[in-house]
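Report on the structure given below.
The values are calculated or read from the model by the stated rules, or taken from the named source; none is laboratory data. Keep in mind that this is a model prediction, so the values were computed, not measured. Note that we place each Cβ from the backbone using ideal geometry, even for glycine, and neighbour counts take in every protein chain shown. The area values use the complete protein model at the heavy-atom level, side chains included, leaving out ligands, DNA and RNA. Shrake-Rupley method; radii C 1.70, N 1.55, O 1.52, S 1.80 Å.
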Amino acid sequence: GLSLCVYIITAFMVNQDWNTIVVSTLIPHIEFNSVYIMTLIGFIGTTISPYLFFWQASNEVEAEIEENKIEDFGEKPKVRKTDIIKMRFDTKTGMIFSNMISFFIILTTTATLHVSGITNIETVQQAALSLKPLAGDFAYILFSVGVIGIGWQAITVLAGSIGYAVSETFNFEEGLSKPFLKAKAFYIIIALATAVGLVMNLFHINIIQALVYAAVVNGIASIPLIFLLIKMSSNEKIVGNRKTQKISSVIAWITFIFITLSVCVMLYTMFF
């Protein structure tokens, strides 16, 4: 994951108009056209991704099983205040890091690819060119190491999330803490999800474009999930006395309204 920090270094190595960057960060330029709004929703989809909801919740359960707090999924553990603090710190740290890296990827690609007229990236090789100011001819190697490293992490999260989501939908046995024979459907789903990604690459499907469309779909799918999470996290029958703090609830509702309006604008600009 730390390989992504090369984007931070590269961003400071190339010529940047820092005044414009600061102003544009604080006062964003909004365009009401389908491409701009779709890109905006794609960014939301990569940040508030539906699969993260399934992954993190399931991962917490896996941790509780490992710590012998519960024996299996479906049981209600005794949640301590320290557990909540730990989860909150874990979530905030991850979100800050991911958004910071995204910010510097934007700066780096703008100052290297965009100024050179490369605005439509179709291959990983093209994306690697953004690291050339830092790595020179080793840009591809550096980028490849990063992609492979992140890939190993992403397979677990992305394919694992699908495994949890589908297993819970159809009431299959689930959990990475279980051996294959006790959760066969769960592991087969993970294997199939991974295989689909591999086949897409072998058939030379535009992976970058596929990622963009997947991010947009994730952004749209996050709307009902955020609504359900807000309602559940404020329901004492579900969370007891661990209801969401008022400030977090307000931010969640603002986020929900913003994403919903963005999707409505995108659909309007596409069809009208």
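Between Cys5 and Gln245, the simple spin-label model (points 7 angstrom out along Cα→Cβ) gives 2.8 nm. May I ask you to list the residues of region 221-237 whose amide nitrogen lies under 12 Å from a point 7 Å from Cα along the Cα→beta-carbon direction of Phe258? Zone members listed by number: none at all.
What does the helix-only formula give at 222 nm for the chain: each DSSP H stretch with n ≥ 4 adding -39500 (n - 2.57), the total divided by the residues, and the result rounded to the nearest 500 deg cm²/dmol?
One gets -23000 deg cm²/dmol as the mean residue ellipticity at 222 nm.
Can you classify region 69-214 as rounded, prolate or oblate using the Cα gyration tensor, where a ≥ b ≥ c are the square roots of its eigenvalues, rounded means a/c under 1.5, and otherwise it's prolate if a/b beats b/c and oblate if not? Taking the square roots of the gyration eigenvalues as a ≥ b ≥ c, region 69-214 is oblate. Using Cα centres only, tell me the gap between region 85-164 and region 221-272 in whole Å. Between the Cα centre of region 85-164 and that of region 221-272, the gap is 27 Å.
What is region 1-110 by shape, rounded, prolate or oblate, if you read a ≥ b ≥ c off the alpha carbon gyration tensor as root eigenvalues and call it rounded for a/c under 1.5, prolate for a/b larger than b/c, and oblate otherwise?
Working: a/c = 3.09, a/b = 2.12, b/c = 1.46.
It comes out prolate by the Cα gyration axes.
Between region 189-206 and region 1-43, the alpha-carbon centres lie 30 Å apart.
Given the choices [x] 70, 52, 32; [y] 48, 45, 34; [z] 56, 42, 41, Cα extents along the principal axes in Å derived from the coordinates of this structure is entry [z]. By definition, a body whose alpha carbon gyration tensor gives a ≥ b ≥ c is oblate when a/c is 1.5 or more and a/b is not larger than b/c, and region 1-50 fits this oblate description.
What's the FRET efficiency of Ala185 with His29 using the Cβ-Cβ distance as r and R₀ = 51 Å, to the nearest 0.05?
Working: r = 48 Å, r/R0 = 0.94.
Efficiency, from the Cβ-Cβ distance: 0.60.
Order Phe54, Phe186, Phe258 by their accessible area, 1.4 angstrom probe, all chains in place, largest first. Write down the numbers at each step before the final one.
Numbers: Phe54 70, Phe186 0, Phe258 105 Å².
The ranking, largest first, comes out as Phe258, Phe54, Phe186.
With a 1.4 Å probe rolled over the protein heavy atoms of all chains, the accessible area of Val79, Val22 falls in the order Val22, Val79, largest first. Using a probe of 1.4 Å on the protein chains alone, the accessible area found for Asp72 is around 50 Å².
What is the local net charge at Trp253, summed over the other residues whose Cβ is closer than 13 Å to its Cβ (Lys, Arg +1; Asp, Glu -1)? Summing Lys and Arg as +1 and Asp and Glu as -1 gives +2.
Work out, step by step, the length gained on full extension between Ser233 and Lys76: first 0.36 nm times the residue separation, then minus their alpha carbon distance; give nm to one decimal.
Values: separation 157, 0.36 × 157 = 56.52 nm, distance 1.51 nm.
Extending this stretch completely gives an extra 55.0 nm.
Shape index of region 159-272: Rg/Rh, with Rg the Cα radius of gyration and Rh the Kirkwood radius from the inverse mean 1/r over Cα pairs, equals 1.07. A Förster distance of 22 Å, applied to the separation of the beta-carbon atoms of Val22 and Phe43, puts the FRET efficiency at 0.70. The figure for Leu142 is an accessible area of roughly 60 square angstrom, using a 1.4 Å probe on the protein chains alone.
State the three equivalent ellipsoid semi-axes of region 79-146, derived from the C-alpha gyration tensor as the square roots of 5 times its eigenvalues, in descending order and whole Å. Before the final figure, lay out the partial values.
Working: eigenvalues 244, 35, 18 Å².
Rounded to whole Å, the semi-axes are 35, 13, 10.
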